[in-house]
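Colleague: I'd like to ask you about the structure that follows.
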Amino acid sequence: MATEIKAPTFPESVAEGTVATWHKKPGDSVERDELIVEIETDKVVLEVVAPEAGTLTDVMAEEGETVESEQVLGKIGEGSASGDSGKKEEKSSDEPKAEKAEQQDEKKEEKTEEKKASGGKQHDVKAPSFPESIQEGTVAAWHKKVGEAVKRDEVLADIETDKVVLEVVAPADGALAEIKAEEGSQVESEAILAVFTEGGGSDVATAADKEPAASADDGASDEKMGDKIVAPAARKLIAEHDLDVAKIEGTGKGGRVLKEDVQKAVKDGSAKKGAAKSSAPSKAAAAPAAVEGERVEKRVPMTRLRQTIAKRLVQAQQTAAMLTTYNEVDMTEIMALRAQYKDTFLKAHDIKLGFMGFFVKAATEALKRFPDVNASIDGTDIVYHGYQDIGVAVSTDRGLVVPVLRDTDSMKIADVERTIVDFGKRGRDGKLGMDDMIGGTFTITNGGTFGSLMSTPIINPPQTAILGMHKIQDRPMAINGKVEIRPMMYLALSYDHRMIDGKDAVRFLVTLKELLEDPARLLLDV
């Protein structure tokens with residue numbers, strides 16, 4: 001019997017996903033839990049693994065197609081690929097006997113499983129431990145029913161938080177005896193979700209399991225635009241770029257317009273509305289007058305990540321007594337040091353020498369000298385951290401995320417640069433996990449990469465301070481009674497006045513300035 005490969009259960013804030021990559025082709029053999037296909041959503045890239053070992057027989061959702069939650073993506077057969085079915089007549093007469101023997105063995109195994117006691121050792125299935133910044137999660141989906149047999153480490157349920165979706169796996173071979181937190185219910189850290197019994201359960205297929213699932217090619221989620229069938233993801237791009245669907249060539253089945261077709265049209269500029277056609281130049285010339293004065297609006301739902309960013313930033317402004325102090329740093333010495341050693345640094349560490357490494361190391365030293373800036377507020381308590389975990393703001397297409405550099409005091413500049421490059425790449429690919437973003441005692445954000453000359457960064461709770469870097473710009477400065485042109489950068493330190501006095505905030509920023517303007521201080525610890 002063929003086993004269906006289904007898309008993961010998407011959280012309520014994600015309506016659909018796109019089949020990004022198939023790692024197996026029809027006819028390929030697969031192992032249980034082996035990665036088969038990746039589904040890209042507006043927040044993360046989800047991996048779909050093989051539910052059973054066997055052979056991939058059918059691919060029902062091609063790369064680039066839009067799929068919905070739990071939609072059937074393909075099927076896995078027990079034997080060879082479906083393309084070999086036409087050769088059944090060529091099999092030797094011994095093969096049916098072997099198949100019958102295997103079936104008899106399977107029946108014996110099933111009877112043995114049925115005879116196993118259903119009242120084995122019981123375990124409490126608990127929610128994962130949430131970080132201090134996350135109060136609760138939502139039970140997004142149960143992948144197993146009560147009494148259904150499962151293997152050790154097989155996914156039982158998904159818990160959705162503000163940042164990522166966490167998987168809850170089976171503690172042993174057995175079955176769920178009782179579900180205590182239904183789908184959609186709110187749960188706290190380490191709350192009991194279910195009771196699990198070792199060795200119990202029977203894998204009974206229901207009538208619903210035997211019904212053939214709707215194919216991803218049935219076009220149920222597609223929509224006609226003019227004379228063409230357009231996938232949902234493609235419709236969004238067409239609306240965003242105001243394209244003429246009639247000028248886009250569909251490469252999907254039945255001429256369906258896929259997301260890649262629209263992206264190609266955007267790149268080529270061949271599907272813009274009002275563009276002149278060789279066959280009708282007079283009509284094309286009159287087109288701009290028809291849409292003159294048009295006021296186009298579009299409405300798109302906020303992603304869950306964007307909602308979380310908005311909620312936390314407003315919360316920070318409403319709860320913290322936030323002030324910002326400014327200073328400027330002369331980047332002459334660091335730029336000279338970087339120019340002198342950048343080639344040697346690249347050869348030695350296989351990574352480019354940037355400015356962020358210097359700022360992280362300088363901030364680490366300043367945090368050691370001013371522990372209030374490295375502290376956090378928990379209710380009416382002040383938590384002083386004996387370590388420095390610095391978050392680095394990374395901009396992605398899905399929004400701003402802040403992965404954390406751990407124990408920066410023990411990191412070298414090369415380690416900092418390498419980790420930040422890795423964060424940026426994984427952030428853009430949607431591969432950052434919960435462990436990358438939890439915690440942090442201080443944050444650095446660099447608006448200078450986008451040309452910002454001055455800004456007021458917002459604190460990332462429960463931290464009490466954040467440093468804003470800005471664009472390096474040549475300005476005339478008075479140096480020893482003479483006017484010189486120097487590369488200057490404005491620094492902004494936003495801090496929570498409930499915890500940090502203005503004097504300490506200013507001294508922290510001055511210390512940072514001194515360390516950066518004379519990098520030798522970082523080596524000499526002065």
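Every number in this text was worked out from the coordinates using simple rules, so none of it is lab data. Quick caveat: nothing in here was measured; it's all calculated off a predicted structure. Please note: Cβ atoms are built from the backbone with ideal geometry, for glycine as well, and neighbour counts cover all protein chains shown.
Colleague: Neighbour counts of other C-beta atoms within 10 Å: give me Ile479, Ile36 arranged from fewest to most. Write down the numbers at each step before the final one.
Modeller: Numbers: Ile479 12, Ile36 22.
Result, fewest neighbours first: Ile479, Ile36.
Colleague: Using the basic label-point model (7 angstrom from Cα toward the beta carbon), what is the Asp378 to His497 distance in nanometres?
Modeller: A separation of 2.7 nm, rounded to one decimal place.
Colleague: Shifting gears a bit: Using only the C-alpha atoms of segment 304-524, find the volume of their convex hull and express it per residue in Å³.
Modeller: Values: hull volume 29.5 nm³, N = 221.
Cα-based convex hull of segment 304-524, divided per residue, equals 133 Å³.
Colleague: Quick one: net charge of Gln122's neighbours, Cβ under 10 Å, K/R +1, D/E -1? Write out the running numbers ahead of the final one.
Modeller: Details: positive: Lys121; negative: Asp124, Glu178, Glu198.
Overall, the nearby charge balance is -2.
Colleague: Please give the contour-minus-distance gain from Lys431 to His23: 0.36 nm per residue of separation, less the Cα-Cα distance, rounded to one decimal in nm.
Modeller: On the way: separation 408, 0.36 × 408 = 146.88 nm, distance 1.72 nm.
Length gained, Lys431 through His23: 145.2 nm.
Colleague: Within segment 335-360, name every residue whose backbone N is under 14 Å away from a label modeled 7 Å from Cα of Lys412 along the Cβ vector.
Modeller: 344-353
Colleague: Under a crude label model (7 Å from the Cα following the beta-carbon direction), how far is Lys368 from Ala348 in nanometres?
Modeller: The modelled label-to-label distance comes out at 2.0 nm.
Colleague: Report the net charge of residues surrounding Tyr387, where surrounding means a beta-carbon distance below 9 angstrom and charges are Lys +1, Arg +1, Asp -1, Glu -1. It would help to have the intermediate numbers written out before the result.
Modeller: Details: positive: Arg406; negative: Asp389, Asp407, Asp409.
Neighbourhood net charge equals -2.
Colleague: Could you check the simple spin-label distance between Thr396 and Glu333, using points 7 Å along Cα→Cβ, in nm with one decimal?
Modeller: According to this spin-label approximation, the distance is 3.7 nm.
Colleague: To continue, here is another question. What pairs in Lys6/Lys151; Lys6/Lys228; Lys236/Lys272 have C-alpha atoms more than 21 Å from each other?
Modeller: On the way: Lys6/Lys151 18 Å; Lys6/Lys228 28 Å; Lys236/Lys272 15 Å.
From Lys6/Lys151; Lys6/Lys228; Lys236/Lys272, over 21 Å: Lys6/Lys228.
Colleague: If you don't mind, there's one more thing I want to ask. Show me 495-506, 436-447 ranked by packing, highest mean number of other Cβ atoms within 10 Å first.
Modeller: Details: 495-506: 16.8, 436-447: 21.6.
Peptide ranking by packing, descending: 436-447, 495-506.
Colleague: May I pose another question? Which of the peptides 348-358, 465-475 is most tightly packed, and how do the rest follow, judged by the mean count of other Cβ atoms within 10 Å per residue? Show your work: numbers first, answer last.
Modeller: Numbers: 348-358: 17.2, 465-475: 20.0.
Per-residue mean Cβ counts within 10 Å order the peptides as 465-475, 348-358.
Colleague: Next question. Among the GluC sites (Glu not before Pro) within segment 165-198, which fall in a DSSP loop and have no more than 11 other Cβ atoms within 10 Å of their own Cβ? Could you put the intermediate results ahead of the total?
Modeller: Details: sites: Glu167, Glu178, Glu182, Glu183, Glu188, Glu190, Glu198; in loops: Glu182, Glu183, Glu190.
Counting only loop positions with at most 11 other Cβ atoms within 10 Å, the GluC sites (Glu not before Pro) in segment 165-198 are Glu182.
Colleague: Mind putting a number on the dipole of segment 367-476 about its Cα centre? Charges go on the C-beta only, +1 for Lys and Arg and -1 for Asp and Glu, and I need it in Debye to the nearest 20.
Modeller: Numbers: 12 positive and 14 negative charges, 83 e Å.
Computed charge dipole of segment 367-476: roughly 400 debye.
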